[in-house]
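The values are calculated or read from the model by the stated rules, or taken from the named source; none is laboratory data. All values reported here derive from a predicted model rather than from experimental measurement. For neighbour counting, all protein chains shown are included, and Cβ atoms are generated from backbone atoms with ideal geometry for every residue, glycine included. What goes into the accessible areas is simple: the full protein's heavy atoms, side chains included, and nothing from ligands, DNA or RNA. Shrake-Rupley method; radii C 1.70, N 1.55, O 1.52, S 1.80 Å.
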Amino acid sequence: MKRTILNLTFCFALVSTMFGCKAFHTIQSGENATGKPYELVVVCAQQAWISELGDTLQAILKQPVAELPIYEPMFDVMRILPNNFKSLTERHRNILVVNVSPDIKEPAIVVKYDATAKPQVYIVAQGPDNHTLAQYISENRENLLYVLEKAERDRRVSYASAFPSQSLTPLVEQMFSVKMPIPDDYALRTKSEDMVWISQEFPTASEGFFIYKYPYEGIESLKLDALIKARNRFAARIPGPREGSYMTTVSKIVDETGENYIPTKPEYKTIKIGDQPWVVMSGLWEVENYYMGGPFVSYTTVNKATNEVITIDCYVYNPKKPQKRNMLRDLQHLVYLVSFPTQDTATGK
């Protein structure tokens with residue numbers, strides 16, 4: 001059997017027969033999914049939970065979010081016993097059912113969407129014993145995380161597509177020659193010829209992003225030091241609370257002794273969203289001449305139609321609460337809304 005996550009869409013009767021248990025339930029038409037973003041209900045018997053299998057699941061699901069300086073788990077895991085899986089919990093937005101039985105011949109992971117509510121991702125992990133299933137889940141950890149993360153991202157993308165800002169969405173397209181539906185819960189802060197700053201402001205917090213562009217001058221434009229330099233140039237236009245204060249990228253941090261500073265640079269990696277390559281830079285921002293800061297993640301690519309570098313820089317400020325994962329993820333998901341026009345469309349030819 002090929003050891004990959006299976007995305008199955010056939011009928012529930014076949015799935016239930018395959019599992020030999022009530023892994024899936026009848027779709028409850030019109031039921032809305034419950035739960036908060038990045039919460040995950042794990043339905044698992046006590047014996048399995050305190051074994052190697054439970055340890056493996058927790059190590060995968062509770063691993064730290066890489067972009068944050070202080071530990072936050074990738075998912076808030078709520079483990080419940082199988083006999084408590086009913087009513088409200090079975091309508092949760094993210095569900096992982098663990099099924100261990102000697103009657104199961106080979107391990108497998110099956111994914112179904114909107115099984116008992118919507119929008120919902122419902123995963124069943126099954127195996128003949130705790131060790132075999134733990135090993136199988138470990139081998140497929142990246143697939144498992146991808147399915148869960150994509151479900152959360154799709155919900156955010158769906159909202160933004162359904163409720164785009166009638167002013168910001170065309171503004172971004174006009175300025176940067178890309179389509180990017182901006183959710184209507186964001187507002188414009190400032191704009192100039194080559195940059196726009198958009199955010200949601202709360203009494204003690206802020207989540208926002210700024211988009212900027214500049215001419216592409218070859219592959220050197222996408223190197224780490226060049227991206228940091230460009231970021232600081234544009235971030236300096238975002239003012240802080242005090243006159244003369246402005247956003248910049250953290251370049252030094254306190255060492256383990258707490259007495260000295262050491263140089264630091266953002267993390268750097270490349271990804272693809274669809275067919276479009278992006279450079280992702282994640283680190284910390286601060287305000288020059290003021291005590292203020294937080295995490296950021298920037299996404300940079302080249303618009304081949306205009307021969308320009310485009311960066312979408314997402315930042316979070318929330319000093320009252322250490323939890324920043326959901327706010328940052330909200331912003332990161334917006335990048336998946338970006339689409340690029342063809343050469344002819346962008347140039348009008």
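The residue among GLN47, VAL297, ASN94 whose Cα reaches farthest toward the positive pole of the charge dipole of the chain, with charges on the beta-carbon of Lys, Arg, Asp and Glu, is ASN94. Spin-label pair ILE80-LYS150: with each label point 7 Å from Cα along the Cα-Cβ axis, the two points sit 2.6 nm from one another. Averaging 1/r over each pair of different alpha-carbon atoms in region 156-305 and inverting the result gives 17.0 Å, the Kirkwood hydrodynamic radius.
Compared with the direct C-alpha span, the chain from ARG237 to GLU173 gains 20.9 nm at full extension, assuming 0.36 nm per residue. Comparing mean-square fluctuations of GLN47, GLN332, GLN200 from a GNM of the chain with C-alpha springs under 10 Å, the top value falls on GLN47. Distance between the 7 Å Cα→Cβ label points at TYR113 and LYS62: 3.0 nm. Under 5 Å from the amide H of ARG79 lie the amide H atoms of VAL42, each residue being 5 or more positions distant or on a separate chain, with H modelled from the backbone and absent for Pro and chain starts. Calculated accessible area for the chain comes out at 51 Å² per residue, all protein chains present (probe 1.4 Å; ligands, DNA, RNA ignored). With all projection directions averaged, the alpha carbon convex hull of region 55-101 covers 4.4 nm². Surface composition of the chain: carbon plus sulfur atoms hold 52% of the accessible area, using a 1.4 angstrom probe and ignoring ligands, DNA and RNA.
Counting only alpha carbon atoms, the long axis of helix 325-334 and the longest principal axis of the chain meet at about 70°. Remark: the ASP225-LYS269 segment gains 14.5 nm on full extension, using 0.36 nm per residue and subtracting the alpha carbon distance. The Rg/Rh ratio for region 120-218, using Cα coordinates for both the radius of gyration and the Kirkwood hydrodynamic radius, is 1.19. Full extension of the chain between LYS36 and ARG189 gives 52.2 nm of extra length, using 0.36 nm per residue less the Cα-Cα distance.
Note on the chain: with charges restricted to the Cβ of Lys and Arg (+1) and Asp and Glu (-1), its dipole about the Cα centre is near 520 debye. When the alpha carbon gyration tensor of the chain is reduced to an equivalent ellipsoid, its three semi-axes come out at 41, 24, 19 angstrom, largest first. Can you return the lysines within cross-link range of LYS252? Criterion is Cα-Cα under 27 Å, with same-chain partners fewer than 8 residues away left out. By straight Cα distance, LYS252 reaches LYS213, LYS223, LYS229, LYS265, LYS269, LYS320, LYS321, LYS324.
For the chain, the longest principal axis of the alpha carbon atoms and the long axis of helix 224-235 meet at an angle near 70°.
Would you look at the GNM of the chain, springs on alpha carbons closer than 10 Å, and say which of ALA45, ALA226, ALA151 moves the most? Most flexible of the set in this elastic network: ALA226.
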